[in-house]
Each structure stands twice: as C-alpha cells, then as structure tokens.
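Here the structure is laid out as structure tokens; the discussion comes afterwards.
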Amino acid sequence: MRRTKALLLAAVFVASCSTPKGSDARRYLPTSGPLPDVQGTSLSGGSVTPDQYRGKVVLLNFWNQDCPPCREEMPVLETAWETLRTQGLYVIGVVYVGGGWPNDPEAARTFLSREGITYPTIVDTGSRWANSIGIVGIPTTVVVDRSGVIRYRLLGRVHPADAEDLLRRLTPSS
C-alpha cells in the first residue's frame, strides 16, 4: 500500500512538472467511482450543493494558493467556466489542505479575488473529499460525467483545450 501511494505520488509529480508549457499532451487517466456529495460554503460567498452540479459535466479541481502550477491553471479554468457552463460544464475549485499544503482560507480567498476567479471554490477541511477520491497531490482535476460518475483524473495543470475536449467526450451526441 505504501509503495503504491509512493508510485502514484511520483506519477503526479512527473505529470505536473514535466508537461511542457503549451503542450497538448493529454494526461487523462480513466477512472471510475461515484462522486461524493461535494458541498460547502464558497470562499466568494454563497454555497455549493450537489443540486447545482447534478446532470452536468464537473471539473473538480484540487489546488492550493501556494502551488505555482495550480495558480497557472486558474485562468484556464475560469475561461472554461465562463464559456462552457451554458453547455453543461460546472467547475468547482477545492482548496487542498493535505500533504503539507497550508489550510489558509483567507489567503485562498485573497488570491481568487485578485485573479478574478468566479467559479465556486470550497475548502476541503480535513481532506475529506481528497481522501475519498484518492487525491495524493496537486494540481489534480477529477472529471465527472453527467450521471455523477468520476470518469477521468487529470494530473498536472489543466490546459486550454482540456475542458472543451472533456465536455465533448462526456456529452451524448444528439
């Protein structure tokens, strides 16, 4: 078990640090399992509830304000939120506080405000969701289909084409 976690952590590190900027190499790892009920008070006010994202393709992005690759991907996620939510994409930021990353909601709130990030972001106090989904490092984005099943895990930064590609993959053609 310890070795498996170490290998997965190494894969996360390599994926997040070795993908060249601007590369369109895909890091979609197929996975499966139900999404737990992610909910709570958003750092920008309001709340996040399962009713808000049920029936949508969800990008659940685990990040921390002290993580440079996490900060780099935030504008990409914001653009996806602004341009694709009318097509059924729902972005949720989750401040990751495990693995030595700081639990500083005020610093996260300040960062989000300064960068103009408007999608809902909540803090994973106690790493409850990260542990239940198996998140071992950041940035990691979990991709959920419209029926609430986790379908992919993206290790490393989300790139500009990723959100549209994933939405297309998980939206039945009419």
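Give me log10 I(q)/I(0) at q = 0.19 Å⁻¹ for the stretch 26-174, Debye formula, one equal scatterer per alpha-carbon, no solvent.
With no solvent term, the Cα-only Debye profile gives -1.17.
How much net charge surrounds Cys70 when only the other residues with a Cβ under 12 Å from the Cβ of Cys70 are counted, with Lys and Arg +1 and Asp and Glu -1?
Details: positive: Arg71, Arg157; negative: Asp66, Glu72, Glu73, Glu115.
Neighbourhood net charge equals -2.
Select from Ile138, Gly148, Leu60 the residue farthest towards the positive end of the dipole of the stretch 25-174; place +1 on Cβ of Lys and Arg, -1 on Cβ of Asp and Glu, and compute about the Cα centre.
It is Gly148.
Can you list the HN-Hα couplings for the stretch 94-102, worked out from phi with the Karplus curve (6.51, -1.76, 1.60; θ = phi - 60°), rounded to whole Hz and with x for Gly and Pro?
With the stated coefficients, the stretch 94-102 comes to 10, 6, 7, 10, x, x, x, 6, x Hz.
If I stretch the segment between Leu29 and Arg169 completely, what's the gain in nm (0.36 nm per residue apart, minus their alpha carbon distance), one decimal? Please report the intermediate quantities before stating the final value.
Details: separation 140, 0.36 × 140 = 50.40 nm, distance 1.36 nm.
In short, 49.0 nm is gained.
I want to make sure I understand the PRE zone here: with the label point 7 angstrom from the Cα of Arg71 toward its beta carbon, which residues in the stretch 133-171 have backbone N atoms less than 15 Å away?
In the stretch 133-171, the label zone of Arg71 (backbone N under 15 Å from the point 7 Å along Cα→Cβ) covers 139.
Name the residues whose placed amide hydrogens come within less than 5 Å of the amide hydrogen of Val123, ignoring near sequence neighbours (fewer than 5 apart) on the same chain.
HN-HN under 5 Å from Val123: Val95.
FRET efficiency for Thr49 and Val149, Cβ-Cβ distance as r, R0 = 22 Å, nearest 0.05?
Working: r = 19 Å, r/R0 = 0.85.
So the FRET efficiency works out to roughly 0.75.
Whose amide H sits under 5 Å from the amide H of Tyr152, counting only residues 5 or more places off or on another chain, with H placed in the peptide plane?
Excluding prolines and chain starts, which carry no amide H, the hits are Thr31, Val143.
Given C-alpha coordinates of the stretch 99-174, what is the ratio Rg to Rh with the Kirkwood estimate of Rh?
Ratio of gyration radius to Kirkwood radius for the stretch 99-174: 1.00.
Which of Ile133, Ile117 comes first, and how do the rest follow, when ranked by fewest Cβ neighbours within 10 Å?
Ile117, Ile133
Every number in this text was worked out from the coordinates using simple rules, so none of it is lab data. None of the values given here were measured: they were computed from a predicted structure. Note: ideal-geometry Cβ built from the backbone for every residue, glycine included; neighbour counts use all protein chains shown.
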